[in-house]
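The structure appears below as structure tokens.
Each reported figure results from applying straightforward, stated rules to the coordinates on display, with no laboratory input. Please read all numbers here as calculations on a predicted model, not as lab measurements. Positions of Cβ are generated from backbone atoms using ideal geometry, with glycine treated the same way; all protein chains shown enter the neighbour counts.
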């Protein structure tokens, strides 16, 4: 019992130190990365991969901060795939890209 509690505490400490399982965009370093990355004035289109896109929240933030991008979303989970596709249909019912300055390509696994 004590050993299990010690191991559990050690795993939580390691997760904390390595920033694992931290999904807070403002605290986990992702926001700082995008702020710094968006300052780079690329002469050509920036290619970005969102692997494990889930519902596409991170990609939406990227689209709002990066001007000239080519964005590829990958999502292997059938449940998240459906949520991502539904969000895409609701936000862009005519199939147009979300931002004129960029291109979004979604890559999904077979949802079946």
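Quick look at the numbers
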quantity	calculated
Exposure proxy ranking, count of Cβ atoms within 10 Å, fewest first, for 27, 39	39, 27
Per-pair calculated FRET efficiency, R0 = 41 Å: residue 8 and residue 46 via Cβ, rounded to 0.05	0.50
Fewest-first ranking of 31, 88, 18, using other Cβ atoms within 10 Å as the exposure measure	18, 31, 88
